[in-house]
Structures are given as C-alpha cells and as structure tokens.
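**Q** Input: one structure, supplied below.
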Amino acid sequence: MDKNYEPPIHWNDYEDIAMALYEKFGDDFNESKIYRVRFTELLEWILTLPNFAGKREESNEGHLEQIQAAWVYEWRDNQD
C-alpha cells in the first residue's frame, strides 16, 4: 500500500477538513478571523483542498458551521 495515499475527505469529515484548512492558512486566521469568514468563501476553500471528494451541491450551512467550529478548535490546539 502506498504510504503517501490519503483517503478522500467528505463533507462530514469535519476534523480532517479543519486540519487541512489549518495546514493551508496556519496562524494567518485566528479564532475571531475564522468566525468572520463568509460561508461562500469557506466553501470555495474547502472545494480546493487536496483529497476533498465532496461536491458543492452536497454542502449545507450545518456542514460549514461544523467545519468552522472544528477549524477554531484546530487553531486553539496549535497555540501551545
């Protein structure tokens, strides 16, 4: 098995999406900035993540809210 293989990420993989967003943006986005990101912008960023297999039409506000909250937790975890 290829150790570089990463399984596809789907809409309900909130923690995986949050980790990918944190890897992409690092500390450029702190908690208050993350919560101010427009969902339209967040959606575009998620759709361009490597290994993201979800479709635009499968997205909904609930998914985006969960992803936003998970991203905040990911950012907090990396502030130590």
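**Q** Search the stretch 27-46 for residues that are under 20 Å from Trp11 (Cβ atoms) and pair each with any residue that is in a helix (DSSP H, G or I) and open to solvent by 80 Å² or more (accessible area, probe 1.4 Å) when their beta-carbon atoms are under 9 Å apart and the residues are at least 6 apart or on different chains.
**A** From residues that are under 20 Å from Trp11 (Cβ atoms), the pairs are Phe39/Glu61; Phe39/Glu65; Leu43/Arg56; Trp45/Lys24.
**Q** In addition: Surrounded by fewer than 18 Cβ atoms within 10 Å (Cβ to Cβ) and modelled with pLDDT of 95 or more: which single residue out of Asn60, Asn51, Asn4 fits that description?
**A** Asn60
**Q** Every residue in the stretch 49-63 that is more than 22 Å from Glu6 (Cα to Cα) and either in a loop (DSSP other than H, G, I, E, B) or aliphatic (A, V, I, L, M) (or both), please.
**A** Asn60
**Q** As an exercise: evaluate Ile9 against (1) surrounded by 10 or more Cβ atoms within 10 Å (Cβ to Cβ); (2) out of contact with any strand residue (DSSP E or B) (no Cβ under 8 Å at 6 or more places or on another chain) and give the number of the one condition it does not meet.
**A** Unmet for Ile9, out of (1) surrounded by 10 or more Cβ atoms within 10 Å (Cβ to Cβ); (2) out of contact with any strand residue (DSSP E or B) (no Cβ under 8 Å at 6 or more places or on another chain): (2).
**Q** Filter the stretch 28-48 down to the residues that are assigned to a helix (DSSP H, G or I) and either open to solvent by 30 Å² or more (accessible area, probe 1.4 Å) or modelled with pLDDT under 95 (or both) and list them by number.
**A** Answer for the stretch 28-48, where residues must be assigned to a helix (DSSP H, G or I) and either open to solvent by 30 Å² or more (accessible area, probe 1.4 Å) or modelled with pLDDT under 95 (or both): Asp28, Glu31, Ser32, Lys33, Tyr35, Arg36, Phe39, Thr40, Glu41, Glu44, Trp45, Leu47.
**Q** List every residue pair whose Cβ atoms sit under 8 Å apart, with the two residues 6 or more apart in sequence or on different chains, where the first one lies in the stretch 4-19 and is among the acidic types (Asp, Glu) and the second, anywhere, is surrounded by fewer than 18 Cβ atoms within 10 Å (Cβ to Cβ).
**A** Glu6/Pro50; Glu6/Asn51
**Q** Also, quick follow-up: I'd like the full set of residues that are part of a helix (DSSP H, G or I) and surrounded by fewer than 17 Cβ atoms within 10 Å (Cβ to Cβ), limited to the stretch 67-80.
**A** Ala69, Tyr73, Arg76, Asp77
The values are calculated or read from the model by the stated rules, or taken from the named source; none is laboratory data. The shown structure was predicted, so the numbers you read here are calculated from the model rather than taken from an experiment. Note that each Cβ is placed from the backbone with ideal geometry, even for glycine, and that neighbours are counted across all protein chains shown. Just the protein is used for accessible areas: all its heavy atoms, side chains included, with ligands, DNA and RNA removed. Shrake-Rupley method; radii C 1.70, N 1.55, O 1.52, S 1.80 Å.
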